[in-house]
Amino acid sequence: MREKGEPVAIHELRLHNTLSGKMEEFVPQRAGEVKMYTCGPTVYDYAHIGNFRTFVFQDILRRYLKQRGLKLTHAMNLTDVDDRIIANAAAAGVGIREYTEKYAQAFFADCKAVSVEAPEFWVRATDHIPDMVQLIERLQKKTFTYGSEGSIYYRIAKFPDYGKLSKIDLTGIQAGARVDNDRYEKESARDFALWKAPKPGEHFWETEIGPGRPGWHIECSAMAMKYLGETLDIHTGGIDLAFPHHENEIAQSEGATGKPFARYWLHAEHLLVEGEKMSKSLGNFFTMRDLYEKGYKPSALRYALASVPYRRQLNFTFDGLQQATSSVERIRNFADRLRQGKFPAGSPANMKGRTAKALEDFDAGLADDLNTAVALAATFDFVREANIAMDNGGFGQEDAAAAQEFLAAVEQIFAVVKDNDAEKLKELGFGGVEEAVTDSWIEEKISGRQAARQRRDFAKSDEIRKELAEHGIILEDSKDGSVRWKRK
Ligand SMILES: [Zn+2]
C-alpha cells in the first residue's frame, strides 16, 4: 500500500504539445524538476469564468506535477500595464498601480476561493521594466528591432521560425493591415511593438531605450526567463494566446538567446456558456462572483471547470453547475461516512485491492494529458462500490484506511473534498454574518446529544438536533448507535 503522502506516479506522463502538434512523453530538462510559466490575467477588471477555466486547468497541472513528486517552480504574471489600464486609470484620475491594485487583490481572492494555488512567483509587469529594457537591448544588438517615432518594433522577417507554434499562415496578412492594434508606422504589418512611445499625458517610464512603456509580449519573455531560465519546461495559457502572444514570446526569447524558449506548450480550449460564446452583449457573461451571488458554491464552480479535460471545449451550463454541486456532495458524504463510520476489523471483501485499482485508474486518467473526466469517473466508480460494501458489511477498518489515502490523493488534485465553502464565501463577503459552523463545534453538539439520549433526556436531544438543523447540519442515526452528520 502507498504510504501517507507518498508521490503517485504509476503511469508515464504524456502531454499534448502544441509545438509538435502531438502527444509526447513529458521529460523535464533536469530529472525531478519542472520550470513552468503561465500567462496570468490583465488586472483591469474582475476575472470571468472563461479566464478561470484556464487558471483551474493550470492548477490541476501544477498539483499533478507535484503529486508525481516533481519539484515545481512556477511563475505567473500579472499584466498591470497596457492600453486599457492606462486609459481607465487616467479616466479615474488615479495612478496605474492604484487602479490595478484593487483587481489584483480581487484576483488573488478569487483564486483562493476556488483553491487555485499560488505559484512560487507572482510577477507584476510594472516591477520588471528594467528586465524588459535589457531584453530589448539584447534584441537591438542582434538587429531584431527597428525604431519608428520613438517606439521599438520586432522585425519578424529576421526570425524564420515565426509561426511554428500556432502554424499560422502569415501570407494572408497584408502589408498595412493591422494585427496588433498598434497605431504606429511599421515596416510590416506582422511586426509588433516591443516598446511604445508615450502619447501626451500618458504614463511612461524613462529608460535607456527612451521614454515609454513595454508591449505586452515582452513582459512574459522577460519575466519567464528571469525566474525560470532561458529554456522553460512548460509554458501554458488559453488557446487564444497561441497567436500572436505566444508566437511573439518565442520570437523575442529565441531571437535573444538562440535557445529553445519552452519545450512543452499546453493550451486550454475555450469556454462556452449554454452553447454560445460568452459576451457581455449576449447577457451570458459571468465573473466568479456573479455565480456566488446566485448561490453557487466555490467547490461546485471549481468542479464544473475542472471536470472537462482542458483540450475539450467546455460548455458551461447551469444544469452542469447543479450536477457539479451534487457530485461534490456525493464525495463529501462518502468522506463523512469514512470518517464517522464504525467498520469491522480487517478487509472482509478485499476492498483494499479495489482501492489500489481506483488509484491506478485515477492516475492513468491524469497521466493521459490530464484527462480529468477519466480520473473523476475512477473516483465515483470507487465511491459507489465502497458505499455498497459498507451497506453490506463488507467494508472493514483496513479498507477505510486505504480509502482515506485514496481520497487524500483525489483531494490533492481536485480540492473539493474538504467542506470549506462557507468560510471561503465569507472571506469574499458573501453569505451573511453567521459564523462558519466548524466540524469541532458540530461534533461537540453531537456528543452532547448522545449524552442526553443516554440519560433518556429526549427533549434535550431533540433540541440539539433542531439547533444543528438550523445550521444546515443533518444527522443520521445508524443501527450500531453511532451518528453520522452532513451539511445540507
Ligand atoms: Zn504571456
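The values are calculated or read from the model by the stated rules, or taken from the named source; none is laboratory data. Since we're looking at a predicted model, the values are computed, not measured. So basically every Cβ, Gly included, is an ideal-geometry build from the backbone, and we count neighbours across all protein chains shown. Surface accessibility is based on the protein's heavy atoms, side chains included, excluding ligands, DNA and RNA. Shrake-Rupley method; radii C 1.70, N 1.55, O 1.52, S 1.80 Å.
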request  = Considering each residue of segment 102-117, count those that are part of a helix (DSSP H, G or I) and open to solvent by less than 40 Å² (accessible area, probe 1.4 Å), and give that number.
outcome  = 8
request  = May I ask you to list the residues in segment 204-224 that are open to solvent by 10 Å² or more (accessible area, probe 1.4 Å) and more than 12 Å from the ligand (Cβ to nearest atom)?
outcome  = PHE204, TRP205, GLU206, THR207, GLU208, ILE209, GLY210, PRO211
request  = Would you mind finding the one in VAL308, VAL328 that is more than 16 Å from the ligand (Cβ to nearest atom), buried (at least 18 other Cβ atoms within 10 Å of the Cβ) and in a helix (DSSP H, G or I)?
outcome  = VAL328
request  = Search segment 63-83 for residues being away from the ligand (no atom under 16 Å from the Cβ) and part of a strand (DSSP E or B), and hand back the single one that is nearest to ILE218 (Cα to Cα).
outcome  = THR73
ask   = GLY429: modelled with pLDDT of 90 or more, open to solvent by less than 60 Å² (accessible area, probe 1.4 Å), under 39 Å from the mean Cα position of the chain (by Cα) and not basic (Lys, Arg), yes or no?
value = no
request  = Would you confirm whether any residue within segment 52-59 is assigned to a strand (DSSP E or B), of a type outside the set (D, E, K, R) and within 16 Å of the ligand (Cβ to nearest atom)?
outcome  = no
ask   = Of all the residues that make up segment 130-156, how many are in contact with a Lys or Arg (Cβ under 8 Å, 6 or more places away or on another chain), farther than 30 Å from LYS66 by Cα and in a helix (DSSP H, G or I)?
value = 1
request  = Return a yes/no flag: does segment 90-101 have any residue that is within 16 Å of the ligand (Cβ to nearest atom) and in a loop (DSSP other than H, G, I, E, B).
outcome  = no
ask   = Looking at THR257, THR236, which is the one that is of a type in the set (Val, Ile, Thr), open to solvent by 20 Å² or more (accessible area, probe 1.4 Å) and touching a residue at least 24 places away in the same chain (Cβ under 8 Å)?
value = THR257
request  = Scan (1) touching a Lys or Arg at 6+ places or on another chain (Cβ under 9 Å); (2) at pLDDT below 90; (3) more than 30 Å from THR372 (Cα to Cα) for the single condition SER440 breaks and write down its number.
outcome  = (1)
request  = Return the residue satisfying two criteria in turn: it lies in segment 18-51 and is among the aliphatic types (A, V, I, L, M) and outside any strand (DSSP E or B), and of such residues it is farthest from the ligand (Cβ to nearest atom).
outcome  = ALA31
inquiry  = Which count do you get for residues in segment 241-268 that are touching a strand residue (DSSP E or B) at 6+ places or on another chain (Cβ under 9 Å) and within 15 Å of the ligand (Cβ to nearest atom)?
reply    = 17
